[in-house]
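What follows is one structure encoded as structure tokens, with my remarks underneath.
Readers should treat all values here as calculations from the given coordinates under stated rules, not as data from a laboratory. Treat the numbers as computed from the prediction; the structure is a model and nothing was measured. In this analysis, Cβ positions are derived from the backbone assuming ideal geometry, glycine residues included, and neighbour counts consider all displayed protein chains.
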Ligand code: GLU
């Protein structure tokens, strides 16, 4: 069989703000598909915009990926790779595919206005291509510095999109894109293509706001002597009112969700599954989520989601998580919890931090509030407590004995016991809690003592 190298996926945010659930969708799709294929997942910071890019946002994005459980295999920064882009610029100039243009923003605006008035699409008229060397010298003598445009082939560019199927764009309908600004800085297009080539990226999964860029990029990949990767453009997430998410507005940033105590796996399940033909449902691991990823099942319509669904999804995720998935985090909360504790309480948690309350119920002294009517019954229940060792079956025998000795049943039997032992109306099965509390504590609380 011919050898096929493992695929390379990348998540390429510009570090200009905190990333949100919609960005998490892109990151997760890339990371999970890479994982499933035994490939590589690269984090690339598209930070050629020196004014808006900030190191602290890059730091925060890297942390968010770790929190989501998808740390990248490598991280690269475009600001470290400018030489590669400069070399590509020279090559494109040499081939006549990059040409200097001198129009100011105002002049371009004016041209577009005139085109619209005549019912024409506002496509750059390539006036700069007609400039002679003398024209250029005169413009530069006026103090103008050129920006550089990529001369498109003006042809039909097609690709098979992993989400959208066969796509075709006529690049004659597009303006020749500016690749280099007048100040020499790079716009997104060229560095992205140069890096994808240099890093051997095989798969680009990103938001559908990049569909039009793709035709330009395919031309650029080919101009630079490479082959374009596979592309898949997923639908974008919107709020219930149809409003899009914006990194700059800090909408639903992963940091905010983390601080609100949402579970990373709940955020991941929502981010990946919403707007697909797969129902949004909690998962117990990223592997389980990976198994559900299918680009072909992503809808073409925007993926509407309601942030109000997230807390419920967090709770339902916690109810599924195995102990191994939370052990370290419980320790960070200061709880030396074991598996028995976790399995006893997880079904009653809305947030992981709620585990502390149940930990205290099991391991810290508290003074039970006992109604006068129940005092005698609870003392009888204490009298019939079996000796230790206790396990998950202890409760059954004890409750039968308390029922017989106390002459109570139903709510009158169970409710005062739960209230005396836990101080709460509802909670985990007492059968699971009893061995965690231990006999001395149980007896003390039943007798109304601080225990
Ligand atoms: N920096 C671009 C963005 O955040 C990357 C797009 C791409 O994946 O090519 O939208």
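Among the residues in segment 385-397, are any buried (at least 17 other Cβ atoms within 10 Å of the Cβ) and on the phi > 0 side of the Ramachandran plot?
No, segment 385-397 has no match at all.
Being in contact with a helix residue (DSSP H, G or I) (Cβ under 7 Å, 6 or more places away or on another chain), buried (at least 17 other Cβ atoms within 10 Å of the Cβ) and closer than 17 Å to residue 101 by Cβ narrows it down to one of 197, 139, 131, 190, so name that one.
190
Go through (1) within 14 Å of the ligand (Cβ to nearest atom); (2) closer than 29 Å to residue 300 by Cα for residue 168 and report which single condition fails.
Every listed condition holds for residue 168 apart from (1).
Can you tell me which residue among 271, 228 is buried (at least 16 other Cβ atoms within 10 Å of the Cβ), within 16 Å of the ligand (Cβ to nearest atom) and within 27 Å of residue 62 (Cβ to Cβ)?
Going through 271, 228 in turn, the sole match is 271.
Of all the residues that make up segment 340-349, how many are more than 18 Å from residue 423 (Cα to Cα) and outside any helix (DSSP H, G or I)?
Residues flagged as more than 18 Å from residue 423 (Cα to Cα) and outside any helix (DSSP H, G or I) within segment 340-349 amount to 0.
Residue check, residue 49 against (1) in a loop (DSSP other than H, G, I, E, B); (2) within 11 Å of the ligand (Cβ to nearest atom); (3) under 17 Å from residue 65 (Cα atoms), all met but one. Which one?
The single condition residue 49 does not satisfy is (3).
Mind listing whichever residues of segment 8-39 are closer than 14 Å to residue 195 by Cβ and surrounded by fewer than 21 Cβ atoms within 10 Å (Cβ to Cβ)?
Narrowing segment 8-39 to residues closer than 14 Å to residue 195 by Cβ: 8-14.
14, the sole residue that qualifies.
Given the options 268, 296, 256, name the one that is in a helix (DSSP H, G or I) and in contact with a helix residue (DSSP H, G or I) (Cβ under 8 Å, 6 or more places away or on another chain).
Going through 268, 296, 256 in turn, the sole match is 268.
Restricted to segment 215-225, and to residues that are more than 24 Å from residue 102 (Cα to Cα) and within 13 Å of the ligand (Cβ to nearest atom), which residue is surrounded by the most Cβ atoms within 10 Å (Cβ to Cβ)?
First, the residues of segment 215-225 that are more than 24 Å from residue 102 (Cα to Cα): 215, 218, 221-222, 224-225.
Pick out the ones that are also within 13 Å of the ligand (Cβ to nearest atom) and you get 218, 221.
Working: 218: 20, 221: 17.
So, considering only residues that are more than 24 Å from residue 102 (Cα to Cα) and within 13 Å of the ligand (Cβ to nearest atom), the one surrounded by the most Cβ atoms within 10 Å (Cβ to Cβ) is 218.
Taking interchain pairs and intrachain pairs at least six residues apart, which have beta carbon atoms under 6 angstrom, with the first residue in segment 10-21 and farther than 18 Å from residue 79 by Cβ and the second more than 9 Å from the ligand (Cβ to nearest atom) and part of a loop (DSSP other than H, G, I, E, B)?
18/250; 20/245; 20/251; 20/252; 21/252
Name the residue, out of 337, 288, 315, 355, that is at negative phi and either outside any helix (DSSP H, G or I) or loosely packed, with under 13 Cβ neighbours inside 10 Å (or both).
337
Quick check on my filter: what residues within segment 173-214 are more than 14 Å from the ligand (Cβ to nearest atom), closer than 24 Å to residue 105 by Cβ and touching a residue at least 40 places away in the same chain (Cβ under 8 Å)?
Across segment 173-214, the qualifying residues are 173, 174, 175, 176, 178, 179, 180, 185.
Surrounded by fewer than 16 Cβ atoms within 10 Å (Cβ to Cβ) and assigned to a helix (DSSP H, G or I): which single residue out of 369, 420, 412, 382 fits that description?
Unique residue meeting the criteria: 412.
Yes or no, residue by residue, for (1) within 14 Å of the ligand (Cβ to nearest atom); (2) touching a strand residue (DSSP E or B) at 6+ places or on another chain (Cβ under 9 Å); (3) not in a helix (DSSP H, G or I):
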{"site": "2", "(1), (2), (3)": "no, no, yes"}
{"site": "6", "(1), (2), (3)": "no, yes, yes"}
{"site": "10", "(1), (2), (3)": "yes, yes, yes"}
{"site": "13", "(1), (2), (3)": "yes, yes, yes"}
{"site": "23", "(1), (2), (3)": "yes, yes, no"}
{"site": "26", "(1), (2), (3)": "yes, yes, no"}
{"site": "29", "(1), (2), (3)": "yes, yes, no"}
{"site": "33", "(1), (2), (3)": "yes, yes, no"}
{"site": "44", "(1), (2), (3)": "yes, yes, yes"}
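Do you know which residues across segment 204-243 are touching a helix residue (DSSP H, G or I) at 6+ places or on another chain (Cβ under 7 Å), farther than 29 Å from residue 277 by Cα and in a loop (DSSP other than H, G, I, E, B)?
If the condition is that a residue be touching a helix residue (DSSP H, G or I) at 6+ places or on another chain (Cβ under 7 Å), farther than 29 Å from residue 277 by Cα and in a loop (DSSP other than H, G, I, E, B), then 224, 226, 227 are the ones that fit.
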